[in-house]
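Encoded as structure tokens, the structure appears first; notes follow it.
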Amino acid sequence: MEDIKEILGEQHIIFKITDELIDNSDIDVVTDIQKLLSEANSDPHSSCVLIPNSSDPDILSSPDKNLQVLLSLPDKNLPDKNLQVTKNDLDYELSYDELIFSSKNRSKLPRLMPDWNETLTKKPIQIVFGGCAGMYHYFLGVASVLQDKFDLSNVVYGCVSGGSFPALALVLGLPVKELHETWNKEILRDLSESSLKAFTRLNGIVFEKSKKYIPSDSHKRAKDKLFISLTEFPSLNNHIVHSWQNIDSLLDCIQASCFIPLFDKRFWTIFDKIKYVDGGLSNNKPIPYPDLPYIYITTNKWREVPLHWYWCYTSEIWSDQLFNWGVEDTIKNLHEFKDFTPKA
């Protein structure tokens with residue numbers, strides 16, 4: 001039953017049950033769906049309705065979750081044995097083996113990119129923050145200028161690794177300068193208390209401090225406005241995630257995008273039941289809507305960056321220097337943001 005609920009999730013799903021799906025013990029799939037329908041219709045908060053039709057597939061619709069499931073009994077004359085998932089007029093085909101794996105692991109189902117005109121009121125402007133490792137202080141400086149100078153209400157963000165933190169702060173409208181002085185420097189102070197510094201400790205401390213400063217409803221406010229790049233391990237397939245179940249899920253997602261084994265006691269981290277490592281390994285330029293204009297911000301966009309600057313040092317003086325360079329470089333290059341609306 002839980003496997004079926006995982007499949008049906010909150011996505012718009014259409015699939016066919018063919019001979020292959022109900023062979024042998026697979027009749028349990030149909031039984032479980034029937035039980036699920038029964039439970040849904042007995043729930044006073046559910047609006048699921050089963051509409052039987054002798055000539056067409058049975059239709060289950062749920063307006064609350066934009067969910068539609070078409071159940072088609074096997075037709076001996078049809079060779080089709082695939083499962084189809086459809087949303088926003090995009091078709092994906094999964095084999096039966098992939099369906100079974102999907103039922104055990106939600107993130108194997110396609111993570112569909114939303115159409116901007118279905119989720120936003122007007123065409124968005126895009127900012128993409130690339131990976132930055134220990135240069136994230138610099139990106140915070142960049143973000144502080146953008147926050148001070150522009151109306152960012154119509155901006156969506158692609159991000160990866162350390163670039164996820166300035167992007168998240170901008171999406172949520174959190175004061176970036178204040179975060180640098182509080183959230184960021186608390187992390188540095190905690191890291192400084194051990195001779196190991198950031199080695200094996202950074203990821204856990206960042207997660208702990210982030211829960212302190214990131215609002216509990218952030219996952220709702222960031223939905224479809226923050227697009228985070230992850231690298232599945234060991235396949236190195238890229239995933240871009242833009243919706244989450246709760247604040248822990250959002251922070252787990254960011255940690256997965258930032259995950260470098262040097263800064264943890266594990267070789268990988270787990271998000272949504274899958275192993276992940278740093279998102280920059282598979283996609284360091286996650287553009288939410290590739291057909292629309294975007295600004296791509298990298299650590300070496302406006303200045304040369306020596307390789308050793310990427311290490312996560314614990315010096316507050318060094319973090320201030322990087323932050324100030326980010327401010328300085330952004331102010332010198334404000335002309336690159338000509339499509340942005342200045343603040344009144």
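The values are calculated or read from the model by the stated rules, or taken from the named source; none is laboratory data. Computed from a prediction, not measured in an experiment: that's the story for all the values here. Cβ placement follows ideal geometry from the backbone for every residue including glycine, while neighbour counts extend to all protein chains displayed. Quick note on the areas: whole protein, heavy atoms, side chains included, nothing else; ligands and nucleic acids left out. Shrake-Rupley method; radii C 1.70, N 1.55, O 1.52, S 1.80 Å.
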Check your understanding: Which condition number does GLU304 fail, the rest of (1) under 27 Å from ARG189 (Cβ atoms); (2) open to solvent by 50 Å² or more (accessible area, probe 1.4 Å); (3) not in a helix (DSSP H, G or I); (4) not aliphatic (A, V, I, L, M) being met?
Key -> (1)
Study note, to complete from the structure: All conditions in (1) in contact (Cβ under 8 Å) with a residue 40 or more places away in the chain; (2) in contact with a Leu (Cβ under 8 Å, 6 or more places away or on another chain); (3) open to solvent by 30 Å² or more (accessible area, probe 1.4 Å) are true of HIS239 except (3)
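Could you check segment 159-183 and list, in sequence order, the residues that are under 27 Å from SER282 (Cα atoms) and assigned to a helix (DSSP H, G or I)?
To start, the set of residues in segment 159-183 that are under 27 Å from SER282 (Cα atoms) comprises 159-172.
Listed by number, the residues that qualify are SER161, GLY162, GLY163, SER164, PHE165, PRO166, ALA167, LEU168, ALA169, LEU170, VAL171, LEU172.
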Practice item. Find all pairs meeting these conditions: Cβ atoms under 8 angstrom apart; at least six residues apart or on different chains; first residue within segment 158-172 and within 13 Å of ILE240 (Cβ to Cβ); second residue of a type in the set (Ser, Thr, Tyr) and surrounded by fewer than 24 Cβ atoms within 10 Å (Cβ to Cβ). Key: GLY158/TYR294
Review point. Name the pairs: first residue in segment 124-141 and more than 18 Å from VAL176 (Cβ to Cβ), second residue part of a loop (DSSP other than H, G, I, E, B) and open to solvent by less than 10 Å² (accessible area, probe 1.4 Å), Cβ to Cβ under 9 Å, at least 6 apart or on different chains?
Key: PRO124/PRO288; GLN126/PRO288; GLY131/THR299; ALA133/THR299
Review point. Here are GLY280, GLY326: which of them is out of contact with any Phe, Trp or Tyr (no Cβ under 8 Å at 6 or more places or on another chain), buried (at least 21 other Cβ atoms within 10 Å of the Cβ) and either closer than 15 Å to SER164 by Cβ or not aliphatic (A, V, I, L, M) (or both)?
Key: GLY280
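Among the residues of segment 181-195, write down those that are under 23 Å from the mean Cα position of the chain (by Cα) and touching a residue at least 40 places away in the same chain (Cβ under 8 Å).
Just the residues of segment 181-195 that are under 23 Å from the mean Cα position of the chain (by Cα), to begin with: 183-184.
Hit for segment 181-195 is ASN184, nothing else.
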Revision key, fill the gap. Of the residues in segment 262-277, those that are over 8 Å from THR231 (Cβ atoms), within 14 Å of the chain's Cα centre (by Cα) and crowded, with 21+ Cβ neighbours inside 10 Å come to PHE271
Check your understanding: Among the listed residues THR299, THR314, which satisfies the condition of being assigned to a loop (DSSP other than H, G, I, E, B), over 21 Å from PRO124 (Cβ atoms), open to solvent by less than 30 Å² (accessible area, probe 1.4 Å) and in contact with a Cys (Cβ under 7 Å, 6 or more places away or on another chain)?
Key -> THR299
Check your understanding: Of (1) assigned to a helix (DSSP H, G or I); (2) at positive phi, LYS197 satisfies all except one. Which?
Key -> (1)
Review point. Would a scan of segment 206-229 turn up a residue that is surrounded by 14 or more Cβ atoms within 10 Å (Cβ to Cβ), free of Cβ contacts under 8 Å to residues at least 24 places away in the same chain, in a helix (DSSP H, G or I) and among the β-branched types (Val, Ile, Thr)?
Key: no
Exercise for review: Would you be able to say whether some residue in segment 150-169 is over 16 Å from the mean Cα position of the chain (by Cα) and at positive phi?
Suggested key: no
Review point. If we keep just the residues of segment 171-183 that are of a type in the set (A, V, I, L, M, F, W, C) and farther than 17 Å from CYS253 by Cβ, which is surrounded by the most Cβ atoms within 10 Å (Cβ to Cβ)?
Key: VAL176
